[in-house]
Amino acid sequence: LCDNNPNIQDLSDTKRPTKIVEAFGELYDNEWTNALEDLLKTQLLEREAIDTLAGILKSVFETCNTFARSQRIALLRGMVLCDSCPENDHDALSQGLRNKIKTLQKDSAMDVYPFVKKQVDERINYACLDKEVKEYADRCAELSWLMNVQDPPLVLNFKARSGDPVDKKKFSVYTKNGSVVDFVVWPAVMYENETLFRKGVLQAK
């Protein structure tokens with residue numbers, strides 16, 4: 001009943017999706033705002049600064065997504081002593097075993113996070129980041145990792161192209177009202193089945 005079911009959450013779990021998404025909103029309100037102000041001091045245009053921060057989040061999230069999937073496959077293969085079993089081999093892996101592996105990955109997420117963070121750091125040029133931007137990137141990494149070890153994983157939706165009609169069900173507007181999209185400021189948080197957890201933010205025109 002619980003497997004890959006976004007409608008069922010353990011309310012005693014402090015790292016459950018609703019709590020993670022709440023923290024993701026706080027990331028936008030706090031670290032993102034501080035990092036934006038920091039970048040604007042370097043004479044970047046606001047659009048350039050916003051794109052820079054979005055680029056950091058995308059890169060970190062995609063890296064964590066890759067690591068989470070690789071870890072899950074490694075756990076599955078290790079359990080059945082098979083180095084080449086595909087992730088979706090239902091004959092080799094019972095549903096009960098799959099659920100235990102997903103639970104293990106989620107429960108140990110913060111224990112293995114330092115190792116994940118080390119790998120993420122190697123993919124981002126931290127030397128060129130100011131303090132506020134680095135704090136933003138660090139928080140992006142932690143929440144991106146937690147999002148990707150959920151069952152099912154959470155996804156970030158940046159899909160609102162310039163010129164598209166504004167989808168007010170998925171996005172709030174930034175500083176300008178309008179009927180069409182200019183650019184995405186902050187992604188919506190969803191499940192792969194399009195269940196919306198939190199609206200994103202976009203600039204309209």
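Ordering 111-117, 148-154 by mean Cβ neighbour count within 10 Å, with the highest value first, yields 148-154, 111-117. Here the label points at Val180 and Asp111, each 7 Å from Cα along the C-beta direction, are separated by 5.3 nm in the simple model.
Could you look at the range 116-187 and say what percent of its accessible area is carbon and sulfur, using a 1.4 Å probe and all protein chains?
Numbers: 1720 of 3580 Å².
About 48 percent, which is the carbon plus sulfur part of the accessible surface.
Given R0 = 41 Å, the distance between the Cβ atoms of Lys100 and Asn125 translates into a calculated FRET efficiency of 0.60.
Could you tell me which of the pairs Lys106/Lys168; Lys170/Lys205; Lys58/Lys159; Lys41/Lys134; Lys106/Lys159 are separated by over 21 angstrom between their Cα atoms in the structure shown? Mind showing how you got there, number by number?
On the way: Lys106/Lys168 32 Å; Lys170/Lys205 17 Å; Lys58/Lys159 12 Å; Lys41/Lys134 15 Å; Lys106/Lys159 27 Å.
Long pairs (Cα-Cα over 21 Å): Lys106/Lys168; Lys106/Lys159.
Toward the positive end of the charge dipole of the range 67-174, with +1 on the Cβ of Lys and Arg and -1 on the Cβ of Asp and Glu, the farthest Cα among Leu75, Cys85, Phe171 is that of Phe171. For mean projected area of the Cα convex hull in nm², the candidate list reads (i) 13.6; (ii) 11.5; (iii) 12.8; the entry that matches the value derived from this model is (iii). Taking Cα atoms only, the orientation of helix 46-79 departs from the longest principal axis of the chain by about 0 degrees. Between Ser172 and Cys85, the simple label model (points 7 Å from Cα in the Cβ direction) yields a spacing of 4.5 nm. Mean-square fluctuations from a GNM of the chain, with a 10 angstrom spring cutoff on Cα atoms, peak among Thr63, Thr175, Thr52 at Thr175.
In the full protein context, the chain carries 55 Å² of accessible surface per residue, based on a 1.4 Å probe and ignoring ligands, DNA and RNA.
The values are calculated or read from the model by the stated rules, or taken from the named source; none is laboratory data. These numbers were taken from a predicted model, which means no experiment stands behind them. Quick reminder, even Gly has a Cβ in these numbers, built from the backbone with ideal geometry, and neighbours come from all protein chains shown. Remember, those area values only see protein heavy atoms, side chains included, never the ligands or the DNA or RNA. Shrake-Rupley method; radii C 1.70, N 1.55, O 1.52, S 1.80 Å.
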